[in-house]
Structures are given as structure tokens and as C-alpha cells.
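Heads up, the thing below is written out as C-alpha cells.
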Amino acid sequence: MSVKALIKKNTYLDSITLMSISNEANQIEGVKQAMIGMGTEMNKEVIRNVGMDTKDIEEAKTGDLMIVIETDGEKDISQTLEQVEQLLTKKDKKQSESETIYHTIHEAATELEKANIAVISVSGEFAAREARKALDENLHVMLFSDNVSIEDEISLKNIAHNKGLLMMGPDCGTAIINNIGLCFANNVRLGNIGIVGASGTGSQEMSVRIHEFGKGISQLIGTGGRDLSDEVGGIMMIDSLHALEADPKTDVIVLVSKPPAKRTEEKVLAVVKELSKPVVIWFLGGNEKAITNANAHYAKYSKEAAIQAVLLAGAKEDELNKRALNLPLIKEVQEKLTAEQKYIRGLFTGGTLCDEAMFAAMEKYPNVYSNIHPNPEFHLEDINVSKEHTFIDFGSDEFTQGRAHPMIDPSTRIDRFLQEASDPEVGVILLDFVLGYGAHEDPVGAMLPAIFEAKDLAEKEGRHLEILGYVLGTELDEQNLELQIQKLEEAGVTISSSSQNTGLLGREFVWKGAQ
Amino acid sequence: MNKINELFNNEIEAINIGIEFIQEDLVKQGVKATHLAWTPPAHGNTELIRLLDQLNTPDKKKKIEEANKEAVDRILKSQPVLIGFDQAINVVPGMTKTTILHAGPPITWDKMNGPMKGAVLGAIVFEGLAEDLEAAEKVAASGEITFSPCHEHDAVGSMAGVTSASMYMHIVENKTYGNVAYTNLSEQLSKILRMGANDQSVINRLIWMRDVLGPMLKEAMEFNPEGIDLRLLLSQALHMGDECHNRNIAGTTLLVQELAPYIVQTSFSTQDKKDVFEFMASSDYFSGPTWMALAKASLDAAHGIENSTIVTTMCRNGVEFGIRVSGIPGFKWFTGPAQKVIGPTFAGYTLEDSGLDIGDSAITETFGIGGFAMAAAPAIVPLVGGTVEEAIGYSKQMREITTTENPNVTIPVLDFMGVPTGIDLLKVIETGILPIINTAIAHKNAGIGMIGAGLTNPPFEAFEKALVALEEKMNE
């Protein structure tokens, strides 16, 4: 064990810097203890207290730097002392790389003067508080969270309305602002059609069809799934309509919603009637007469709405591939199914995709059940057990408690899929696969093993298993639309080209003729 | 143009709160998107959130805002002036020959930690109440000594804060509101009473401070009836790179410069004067207690304003951390366990040896300096174990839990931003951001002294308790 001191004359370093260098020195191999400090009485005292004082130390002056180490004696102490000395010149370079970390919206909004939108996806119990703070900072809000109470939604939207801000969501996590996708959104081209949607996947479907038909989107504003309820009263849809009317880059407006509340529908239509721009309206179960009375264009199905919109936006009808229903395919599938295989089972990750297929089935069959049926009498008694024609929205709250949305993790419906696939009364299973920002990186891949398993089982049992798959996406989406479709086809899945066709094909596949 | 159309015509810049991939998707699209290091409000405690919401009704919110404005106004308008020095027995309210004041919220002898016990024993010997440390132990436990928090006697004490009858005190008068604050004199080195050391060298120094330093300062200030305006010195010290809790090199120089003309006029011998000047120069910390008294004088003026949620005291006794809130007058303490201080230690010691957070010095952070003003003192950064940017970050972040910025005490590097002032209890609970405190570390055992310095925070619990009490009081 030995002690050695080095005095550097007239060398000044700040005492706290020195303390931290001392700490580093103590980490050097062979160092039992190290003390580096200016030659002050206080530091000398500290050195004396731990028994490391030497004659050199005692003679050091206030302006001198003292380095004193004690080693275990195994290595040459002079070498170790040199190592310690090097610490004095070592500079820490990490500072410029670190990015400022903000903890609150207020802090971030104060520092980032150009920030104009807050995207909020924290758990529902805290989401409204955060949204309120964002609106207080005059930020537009995209509220991706679900489980936000309707009271909070109304209060937030009133604040936003009074400030002239957007308050998008909750329960409808989609928007495309200035060609930038927020949350769940597809990569579509910029264009002159503006979409205001109170339904997430319904709005995505509309943007993707418009893109497929060669036109583009100026803005897509997701207003939140409950915006057209009478409680909320369409606050955001109406504000968005006014904004699109005033937007010189928007020539045509499309409105999308699940069945709206009657009073609110009237309120919205009254606004529509006053607009100068053409408006196409696809409200599931919408009132055709009321819509045409408002001088708007009524569409029963989603693709139909997209076609009307692109024509109004300048597309030429004779150049469109409208993707009409494939009648020979329907006949072919009908022939493959036995009389017993008569039910549709729709297992959806997208709520409005589920809705549209269900509405198509409801037009033809009286026995359609779902967890999201508009008539409570047709709700499933047990959401885990299907009944006759069943349509399940796996993105609905009862399935997402404590787990990711099925568009983020499509495997949540695998068990249910296998259950339906082994049911001899099932004629067709409908599956959606949503691509785009926010969605799973390979939604088809996540389901493929289960699809192979189900096909194998059906083959062993000597029955045909019809699976109709729909991939919602564009060729610009990262997940690779073409490859996703190809994988499904290779697994023997029939491909539908739109949400509208998925519903119509599904219901026709199991049609047994008028009884 | 309406704000929605404005958005359509501008580039999007997003703040993302929650799921991280949403930010990543935006960045992929070339959008500037900042992901917040978000945590649930009130640490996710639904009961506390309910209380916050109850205090957020329009009428209560208004009452609180008005009260807080009054409280911070009083902090800002305070003019603390050093008017003299005297022995505690002569000036500190309630002081007796057998009273020992200590740092932090109330604590009994048996519960005190090592450094505080060490300091108490040393003080008993220093006051002649016992022959030696062994006998002092019996006296301390006998019940003959009255232990009381400095704060409850208009005083503050650094580290153990142990203050006894014959020690000399700063006398700082708040000229605006008339209240006075006291604190004792720096002992300078590291092996000192306030750090828990108590051997003969410590006692001898205290005796010299009582017989030479203290009386000389007292006499010097008698030549200066105007007193020394501390706030002006404080502002200058920050501009010279101090944060006035752990870095006091500029402040000490300024204070000595103010005192020197009067010290030279005193009747003491040249040798005594030389000793005093050398003592003052022997450690940068000489003015440390002075700024504590400044902060105490200003904050006491803001205490006891009905409905105010401003924190007026933060202090620790080595076992518990205690806070006071303006809206709850008197000495109602809200406490939680004192925390570890994380930072570099002197050679021969590790953090294992450290006592828990101790001292009334967090009054500086309560006022807005110390940890809150670290951006003014880049040289102190190694204490943070990080970077200058981080130190600057602390000062900016403290704005999230404070009410205003002090226009009289500014930080040049932040474009002369005033120090964050008026810690709002509600904001602490809401954001979960705790005040940042930089402080010295005393050895956990009695008799040793200072072993390092570092950073710490108050326990969230103390703020929780204060919120509950305040909400109750507002419902009365």
C-alpha cells in the first residue's frame, strides 16, 4: 500500500469539477482512494482525515492543484498517478447530442413556438385532462385515446369550437392534415377532395378508394365516433365543413359516418345546404330524401360515394375501373357451399368496415347479430359466441380492455377465427386487414398460420371453407399492398377490392335463393 | 383567418403524448414531432386527481389564483436587508439558554440522525451545558433541552441547523413587510458542527466565532445604519455565476466587499481583523447562510394568505422532509421521508456513507435560487453529474411548477429569464415534477462532517398531504 501526491502549481479547477474527477479517479484500477483538489485548508483537512497527507500536501498553496492517490501497491504508483492526471484534460463531449426532454404540454408548447397540434394517446382516464391542456395552449388536438366520457368530449369540443381549433376524436383515430397522416391513416395522394368523417376506418376507406380512382385528398378530418350523436351535436363536423368550404384547395367534400342521430343529422344537413361546394354524403343507414333535399349527393355504400366524389372532382367516368361485383365468382362460391353452410361470420379490426358489411347483410337477412348492431335486440348474448350471421368489431371497447387495438395487433382475433372456421354452419368468414400509418407492419402475416390451420381442418373434414379477405391500403403504404394480397391468395383466401364489395360478396356467397 | 384554415396553410408541427410510434410515423413523413416524457398526473393517484379537479371549479380556481398572485407579489416586493449581527439569545424569538434549534420540521432527540445528534452534542459542550460529549449525551436525553425547529423561531439553519444561545446570528429585515429572519454564521470548512462534527477543533472554532468573528461583525454593522441590501447582491451574484446554494464564490466576494469598510472601523486588533478576513476567504460558503436568511425573510412575508397554494417552506431534519403552504397559516408541517442525495463524494467516502437530505437550506430553492437557478451557474454542473444543458433544463423545467419569474433575480444565459418563483403545490401534484434541490451531503454518523454534494428532491408524499389539507380547508 502506498500514497503518492502530485502538486500542480498554479492550476485552478472548480471545486465541484474536482470532486467529480476525484470520483472518476477512484474508479481507476489499482486506486484505493484518490483525492484531487485545490490546496485549500479545507481540502488538506479532508486529506488528513483519511490519512493521506504527505509533506508535499502540507506545502501546497491555495492556488495549487493537489492530486493524491493511495494504491494497493501492485502496480507502479507513478503510472497510476499519470492515469489520474489524464482525467484533468479529458473533456466530456456528450452535451451537444442530448435533446431537450419535455414533460408537460405547457412546457413543450412554450418552448416549441411553431407547434400547432397535439396528438394524444394516453390512457382514457387521463386523456381529457391532457386534451384540455393542449387546447389551453391553442393547439389543435387529435385525441386518439378511447374510453373518454361523452361529457368530457362535449366540454372539449365546446372549448375547441370557441377557440376555432380542431378537436379530432375520440374513438376515431384518423386524420390526414396537409397530406400528413395522423395515427391510423393511409398514404394517399394530395388532391382536391376533403373528407370529414365520424368513423375511423370509414374515412380511411373513403381516402383509399378516392386514391385508387386517381384523385387525392386535401384534408381528412376524423371528428370522433360520437360526433353525430345528439349529445355532441356534430360540433366538429360542422366546424370542419365550414373550414373546408373556406379552403381554396378543396373542391369537393365527402361526409362519412355511422348512423347519425336524427336531430344532429338535420343540423348537419342544414349547414350542408348553405355550402357552395358539392357534398357527397355516405351515412350508414342515412336518409336519402333528407340528404338530397339538402342539395347533397346521397351514397348508400362507400365505393359509390367515392365514385361520386371523384366524378365531381373532375374524373372522367369512362376512364374509371369501378370494380363491379364479380358475378361468376359469386356463382362459383355458392356452388361450393353445402345447404348447411349458410352463415356469414365477419371478424373485423375496422369498426366501419364491420358496419358496412353488416348493413349489407341486414338488407337481405333478418337474423344478423353483432356487438355493434344499431338495434340492441340483435346484440349477441355472449360476445364470444356467434349466432347465425354474426359481425364482430374487435376494435370495440369490450375487446380492447387492457390490450392493443386489433389494427395494431391483429392476432387478437385468431382464437375467434379458428372457432368460426370449425363451425360446419359457417359459409364464409370475412376478414379485414388494415394497412397504413399506425397499423401492424404485416397484418396478413399475423393471421396466416391460423388461416392455413383452418383450411387444413376443413379439407380433412371434407368441406369447403370460404374466407373473404379485404386489404385496406394503397400501393404507397409501407406494408406493401401487393405482397399482402399475394400472401392471402396463396393461402386460398378470396380477395375483395373494397369495403363495399366485401359486404356485398359476403352476403351473396351464402345466398341460397328465395325460400 | 380561422385557426383551422391557418393549420391547412402551415406546416404541421406536433407534440405527441402517449404512444411513441405515432411520433415515429410523423417523423417518417418529415414532420417535426416531439414526444413528451409524459407521466400520469398526480403519479396516477385518482384520489389526488379528484382533489385537483375539485379545486379547479371556476370560483375556487379564481380564489386560488388571486391568493397566489398576492403571495408571489409579496415574495417579489420583499426587500431583505442585512441590518446586523447578534447572539441568538439576544434576538431570536423564544430563545433560552437551554434551547437548541435544529433544521427541518419538528423532531425529538431520540429520532435525530447521526449528523444532527453530533451537532447537538457539540452545541451542548460549546454552551457549557456539559463537560464533554459523553456528558452531553445524557443532557440531550434528559429533557432539560428544548428542541425546536429554526423555522418556528423566524430562523433557518444550514445542514443540521443546530443553533444555540450564544451563537451569532445574521439579522435580516424585510424592509417592505417588517418581518425579520435569522441564521447563524458559516463555519467554513467541512469538519464542522452543522455537518455533525464535534471534536475540540470544532468547539474551538465556535468559541472563536463567538468571541471574535461575531462581535466584530456586530460592531461593523453598527457603522452601517443603512444595512446591506441583499437582493441587489443576490442579483449580481447570479450574474457572476453563482446559484447561491452550493456555489457562493461571487456572493461571498460581494458580501465581504460590502462588510470590509465597516470591519476595518471596528475596535478589534489588526491581527483579529486579518484572521477574520482570512476566515471569510477560506471558503466560498461564507455567504451561503446569508442568502438563506434573505429567502426566509421574503417567504415568511408570503405565508398565511388564505387560499394560497404557494409553498413557503421546504426543509429537512435528516429524517423527514417538511413543507409549509401559504394557505395554511402557522406551523402546520406536511412531511415525508427525507431522500438520498445523489452526487460526487470526497475521497475515502461513498454514497453508502451519506446521511439523508438535511437542512433548512432548501429555503433557497423555495425562493427560486439554488437548484432552481442552476442555469446561472454552469460551473456547478459536475454536481449534476451531467451537462450544462441539463443544468439549464432544470431551471427551465422549474417554471412548470412555479407561478411566476422573479424580474429582480435573472439568469443571463436564458435571456435574463427571472428565476422560477412561487412553487405551486397544485402544479407539483398535477405534473408530478418535484422541486430540484442541490445540497451538501453530511456523513451519516455523528462526528465526521461533510463528505460530498449532489442533487435531491422532496418526497411527493409531503405535497400530497398538503393538498388534502388545503382542499379540506377550502371546503370549511
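The values are calculated or read from the model by the stated rules, or taken from the named source; none is laboratory data. It should be emphasised that the depicted structure is a prediction, and the values quoted were computed from it without experimental measurement. Methodologically, a virtual Cβ is constructed for each residue, glycine included, from the backbone with ideal geometry; neighbour enumeration extends over all protein chains shown.
Pull up the range B:416-431, narrow it to residues that are more than 23 Å from residue B:307 (Cβ to Cβ) and surrounded by fewer than 24 Cβ atoms within 10 Å (Cβ to Cβ), then point me to the one that is farthest from the other protein chains (Cβ to nearest Cβ). Give the derivation first.
Here is the first cut: in the range B:416-431, the residues more than 23 Å from residue B:307 (Cβ to Cβ) are B:416-419.
Retained after the next criterion (residues that are surrounded by fewer than 24 Cβ atoms within 10 Å (Cβ to Cβ)): B:416-418.
Values: B:416: 16, B:417: 11, B:418: 14 Å.
This residue is B:416.
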Review point. Which one of these does residue A:174 not meet: (1) among the polar types (S, T, N, Q); (2) within 18 Å of the chain's Cα centre (by Cα); (3) surrounded by fewer than 24 Cβ atoms within 10 Å (Cβ to Cβ)?
Key: (3)
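Can you tell me which residues in the range B:328-348 are more than 14 Å from residue B:456 (Cα to Cα) and either within 14 Å of chain A (Cβ to nearest Cβ) or out of contact with any Asp or Glu (no Cβ under 6 Å at 6 or more places or on another chain) (or both)?
Narrowing the range B:328-348 to residues more than 14 Å from residue B:456 (Cα to Cα): B:328-335, B:345-348.
Selection gives B:328, B:329, B:330, B:332, B:333, B:334, B:345, B:346, B:347, B:348.
Looking only at the range B:376-397, filter to residues that are in a loop (DSSP other than H, G, I, E, B) and at pLDDT below 90; which one of those is nearest to the other protein chains (Cβ to nearest Cβ)? Walk me through it before giving the result.
Step one: list which residues in the range B:376-397 are in a loop (DSSP other than H, G, I, E, B), which gives B:377, B:385-387.
Next, only the ones that are at pLDDT below 90 stay: B:385-387.
Numbers: B:385: 7, B:386: 8, B:387: 4 Å.
Going through the qualifying residues, I end up with B:387.
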Revision key, fill the gap. A careful count of residues in the range B:36-86 that are away from chain A (no Cβ under 14 Å) and touching a Phe, Trp or Tyr at 6+ places or on another chain (Cβ under 6 Å) gives 1
Check your understanding: residue A:245 versus (1) within 21 Å of residue A:202 (Cα to Cα); (2) assigned to a helix (DSSP H, G or I): which is the lone unmet condition?
Key -> (1)
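So which of A:322, A:364 is over 27 Å from residue A:172 (Cα atoms), within 32 Å of the chain's Cα centre (by Cα) and charged (D, E, K, R)?
Details: A:364 fails: within 32 Å of the chain's Cα centre (by Cα).
Of A:322, A:364, the one residue that is over 27 Å from residue A:172 (Cα atoms), within 32 Å of the chain's Cα centre (by Cα) and charged (D, E, K, R) is A:322.
When you check residue A:399 against the structure, is it over 23 Å from the mean Cα position of the chain (by Cα) and among the aromatic types (Phe, Trp, Tyr), yes or no? If you could, list the steps in order and put the result at the bottom.
Values: over 23 Å from the mean Cα position of the chain (by Cα): no; among the aromatic types (Phe, Trp, Tyr): yes.
So residue A:399 fails the test.
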Study note, to complete from the structure: Result of the Cβ filter at 8 Å on the range A:37-63, keeping first residues that are at pLDDT below 85 and partners that are in a strand (DSSP E or B) and among the polar types (S, T, N, Q), at least 6 apart or interchain, is A:50/A:33
Revision key, fill the gap. Within the range A:1-25, restricting to residues that are closer than 22 Å to residue B:191 by Cβ and facing another protein chain (nearest Cβ under 7 Å), the one that is surrounded by the fewest Cβ atoms within 10 Å (Cβ to Cβ) is A:14
Review point. Before we move on, is residue B:219 part of a loop (DSSP other than H, G, I, E, B) and modelled with pLDDT of 95 or more?
Key: no
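Residues that are closer than 27 Å to residue B:48 by Cα: which strands (runs of 3 or more DSSP E) entirely in the range A:48-160 hold 1 or more of them? Even if it seems obvious, please write down each step before you answer.
Numbers: elements: A:65-71, A:117-120, A:140-143.
Result: A:117-120, A:140-143.
So that you can scan it fast, the table gives a plain yes or no per residue for (1) buried (at least 17 other Cβ atoms within 10 Å of the Cβ); (2) modelled with pLDDT of 95 or more; (3) on the phi > 0 side of the Ramachandran plot:
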{"site": "A:243", "(1), (2), (3)": "yes, yes, no"}
{"site": "A:256", "(1), (2), (3)": "yes, yes, no"}
{"site": "A:259", "(1), (2), (3)": "no, no, no"}
{"site": "A:270", "(1), (2), (3)": "no, yes, no"}
{"site": "A:273", "(1), (2), (3)": "no, yes, no"}
{"site": "A:278", "(1), (2), (3)": "yes, yes, no"}
{"site": "A:281", "(1), (2), (3)": "yes, yes, no"}
{"site": "A:286", "(1), (2), (3)": "yes, no, no"}
Check your understanding: Could you count how many residues in the range A:171-182 are closer than 25 Å to residue A:433 by Cα, within 12 Å of chain B (Cβ to nearest Cβ) and out of contact with any helix residue (DSSP H, G or I) (no Cβ under 6 Å at 6 or more places or on another chain)?
Key -> 7
**Study point:** So residue B:351, is it within 12 Å of chain A (Cβ to nearest Cβ), at pLDDT below 95, surrounded by fewer than 24 Cβ atoms within 10 Å (Cβ to Cβ) and more than 19 Å from residue B:302 (Cβ to Cβ)
**Key:** yes
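I'd like the residue in the range B:354-375 that is of a type in the set (A, V, I, L, M) and within 14 Å of chain A (Cβ to nearest Cβ) and, out of all such residues, is farthest from the chain's Cα centre (by Cα). Don't jump to the end; show me each part of the working.
We begin by selecting, within the range B:354-375, every residue of a type in the set (A, V, I, L, M); these are B:356, B:358, B:362-363, B:369, B:373-375.
Now drop any that are not within 14 Å of chain A (Cβ to nearest Cβ), which leaves B:374-375.
On the way: B:374: 13, B:375: 17 Å.
Filtering the range B:354-375 for residues that are of a type in the set (A, V, I, L, M) and within 14 Å of chain A (Cβ to nearest Cβ), the one farthest from the chain's Cα centre (by Cα) comes out as B:375.
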Practice item. With the checklist (1) buried (at least 20 other Cβ atoms within 10 Å of the Cβ); (2) touching a Gly at 6+ places or on another chain (Cβ under 9 Å); (3) in a helix (DSSP H, G or I) in hand, flag the one item residue B:152 doesn't pass. Key: (1)
